[in-house]
Structure formats: C-alpha cells, structure tokens
Amino acid sequence: MCRRIRALTAVMAIVAWRAPADEGPMAPGAAPPPAPAMLVKEAVTGMELLHVPGGCFQMGDVLGDGDEEETPVHEVCVDGFYMGKHEVTQGQWKQVMGSNPSRDPGCKGDEACPVDSVSWSDVQAFLGRLNAQAGGVRYRLPTEAEWEFAARSGGKRERYAGGDDIDRLAWYAENSGRRNHPVGTKAPNGLGLHDMSGNVWEWTADWFGEDYYARSPRDNPPGPAGPAGPNVDRVIRGGCKTGEAASERTSRRSYGYQRTSSDRGDKIGFRVVRRP
Ligand SMILES: [Ca+2]
C-alpha cells in the first residue's frame, strides 16, 4: 500500500512537472524551481558573471604533488553562486573608481587587461562602491573554497583551471613575456571561466591559515576567523605571469599582506562573485 502511494505520488509529480504553461497556473508547490540564468551582467560595468552550480568536492592536493598547506585533502561543499567570467579589468575598475592604478609594464593603460596593483583593502573599496549601485545585489570576493571549486570546473581533478594543457589555459612564466595580458585571451575552463590559472593572482575573501584544511568545516567554509600568524594575510590564488607551472595549479595557496594595505604588486588582481 505504502509503495503504491509513493508510486502514485511520483507519477503525479512527473505529470505536474511536464504540464505545459498554457494549461493555466500550477498548483502551489507543483512547479520545479526555475533554473538559474547561466550568465548575469553587473549593472554598472556590464561585467559578466557565470553560474557555478553548487556541489561537493575534495579540496586540496588531490594530485599529490602540492605543498604542505594544501593538505589534508578534505571534503567541501559550496552553495551555487555566480563568478566573474574574467578578472576585473582596468576599464571596469576605472568605471567604478574613476582612476586606474595599474602598473604592469605591458598592460599599463590597456582597459582590456586585468587591473593590477590593487590591495585587498582597495578591492573592498571597489566592492563598496559597486554594491552601493547594485540595487540590493551584493558583490564580494570569493571564499578560498568557492575559488578552488570554480577553478576546477566544479570540483574536478584539474591540475590547472580547465585541465593539463597549461599553455592553452594560462599566461605564466613560460609564455607571458613576464607581462599581463588582456583577459579572456586564453581558453576557458569547463565552466567558461578564463584566466583562473595565470595572468594575475586573485585575491580571495579568506585569511590565510596554513593549517586551516585540518579543521575546515565541510559546508561553505569561511576561512579562519582572523590572521593566524605574524606574516600571513589574505589568500591569493591561481598564480601569475611570472609563476612557474607549479605555481599556477588550482590547489596552490599563497597570500598577500592585507593589514598594512600595502600589497599592491602588479601581479595581483581579483574577480568578483555573488549569490543568486
Ligand atoms: Ca588569474
């Protein structure tokens, strides 16, 4: 009996799901949730963000050739979000902030290049201005877990963002001429995101915790509550124009100095995320 009721419920659910829209409104609760848009545009700059469906993955050194702080490999689950298809460009920064701080010698003044020479605190100022005009949408930096999940095309075992072919995917020491390049000129990863390996390092929201992976919560880990040592600060990810291949790996962790607001090297930029 119980089995029959369950079967009948399943059939009704399928019928409801398949009901054409022109047959009138569905009963409350019968419609499946609308699929999220694959791409949204930020209203001020037109910046494109792609949908990253939520999921669980093994975060860290899954390929076994990383550094100590990439271990232990541990399960992490993130809710779905949108992530910038590209690193934030100099043109987008200028639209929001009215100036362009970038100093990379090959990209200075090129609005299609990633903005560089922005500290973590500078990025917070950028986000503050953007959010003031965003009509309730909140843009922010990705957590370290969101960044790695997205870079690995939704948590896959990818050495670089999009696979093994680093020359196809990333601007790094062996092909960049030691300069930044216009965003999106290398192949995207499996989610359509460009330059998550290489070009500029990308600031994340998290404080850097060398041993954080040993105590990270599974669901939407926010990173350590504060700085974990005298010389550690916010996590940067993805490697850069002057990095060797090992530095462009999706699981590689590094950091920049946030507290002094002084870390404005031309090797660090960022991209934004938002929740739907
Ligand atoms: Ca990058």
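Laboratory data are not the source of any read-out in this text; all were calculated from the coordinates shown. In this text, all values refer to a predicted model and were calculated from it rather than measured experimentally. Using ideal geometry, Cβ is built from the backbone for each residue, glycine included, and neighbour counts are taken over all protein chains shown.
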Cα-based shape type of region 39-274, given that a ≥ b ≥ c are square roots of the gyration tensor eigenvalues and the cut on a/c is 1.5: rounded
Of GLY66, GLN124, VAL44, which is farthest towards the positive pole of region 35-139's charge dipole, taken about the Cα centre with +1 and -1 on the beta-carbons of Lys, Arg and Asp, Glu respectively? VAL44
The chain: calculated mean residue ellipticity at 222 nm from DSSP helix runs of at least 4, using -39500 (n - 2.57): -5500 deg cm²/dmol
Positive-end extreme of charge dipole, the chain - chosen from VAL88, THR143, PRO34 (charges on Cβ): PRO34
For ARG275, ARG140, what ranking results if the residue with the fewest other Cβ atoms within 10 Å of its Cβ goes first? ARG275, ARG140
Positive-end residue of THR242, ASN220, ASN175, charge dipole of the chain with Cβ unit charges: ASN220
Please find the FRET efficiency linking LEU39 to ASP165, where r is the Cβ-Cβ separation and R0 is fixed at 30 Å, and quote it to the nearest 0.05. 0.75
What size of dipole, in debye to the nearest 20, comes out for region 138-197 about its Cα centre when the only charges are +1 on Lys and Arg C-beta atoms and -1 on Asp and Glu C-beta atoms? 160 debye
If you take every DSSP beta bridge fully contained in the chain, what fraction is antiparallel? Give it as a percent rounded to 5. 90 percent
Give me the lysines in straight-line cross-link reach of LYS94: C-alpha distance below 21 Å, same-chain residues under 8 apart excluded. LYS41, LYS85, LYS108, LYS267
Just need the relative contact order of the chain here, percent rounded to a whole number, with Cα pairs under 8 Å and 6+ apart. 23 percent
In nanometres, the difference between 0.36 nm per residue of separation and the alpha-carbon distance of ALA112 and THR71 is 11.1 nm
When the Cα atoms of region 125-233 are enclosed in a convex hull and the volume is divided per residue, what value in Å³ results? 160 Å³
Would you mind putting 35-48, 152-165, 194-207 in packing order, based on average other-beta-carbon counts within 10 Å, highest first? 194-207, 152-165, 35-48
Assign unit charges at the C-beta atoms only (+1 for Lys and Arg, -1 for Asp and Glu), then state the dipole size of the chain relative to its Cα centre in Debye, rounded to the nearest 20. 860 debye
